[in-house]
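What follows is a single structure, written as structure tokens, with notes after it.
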Amino acid sequence: MVFWWSDTFTCPPYPNLVFKEEKIVNIAIIDKTVPTESYREHKGLTWLLNHQRYVPESEEAYNATTDYYGFVPDEKDESYTIRDLPTDYSGTDLIYLADSYGVYEEDLPWQTKEKHQVVHP
């Protein structure tokens, strides 16, 4: 963190960011195209939400690895699971559709054979 100096005190250059109140915003992040654990399609959104101090009802920071619905790769176990979409969006303030075309087997980092079958559409 960068600080600026005053004759009377030292403070961050943007005190409004440090002391900004959290705002509760419930967002359904949908990303069906997550072949690796980089979460690149929605990671920027979670960073922006956290930077602007938007939080879900749990009041925890948004987490790119857990706070989304769709394809969930596990590179260590060379497997995946699917987080099903909610059946009820009441109480959701925003639906963010990051990507929805699915994951091809050849895109999975643990696959060595060239295949063209969609694992999760």
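The values are calculated or read from the model by the stated rules, or taken from the named source; none is laboratory data. Quick caveat: nothing in here was measured; it's all calculated off a predicted structure. A quick note on method: Cβ atoms are made from the backbone with ideal geometry, for glycine too, and the neighbour counts reach across all protein chains shown. In case anyone asks, the SASA skips ligands and DNA or RNA and just uses the protein heavy atoms, side chains included. Shrake-Rupley method; radii C 1.70, N 1.55, O 1.52, S 1.80 Å.
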Where does each of 32, 23, 43 land when they are ordered by accessible area, with a 1.4 Å probe and the largest first?
43, 23, 32
As a percent rounded to 5, the proportion of antiparallel DSSP bridges among beta bridges in the range 25-121 is 50 percent
Solvent-accessible heavy-atom area per residue, rounded to whole Å², over the range 21-85 at 1.4 Å:
58 Å²
Size of charge dipole - the range 68-115 - debye, nearest 20, with Cβ of Lys, Arg +1 and Asp, Glu -1, no other charges
40 debye
Aspartates and glutamates near residue 32 by alpha-carbon distance under 19 Å, same-chain residues fewer than 8 away left out - which ones?
41, 67, 74, 75, 78, 84, 88, 99, 105, 106, 107
Rounded accessible area of residue 88 (nearest 10 Å², 1.4 Å probe):
100 Å²
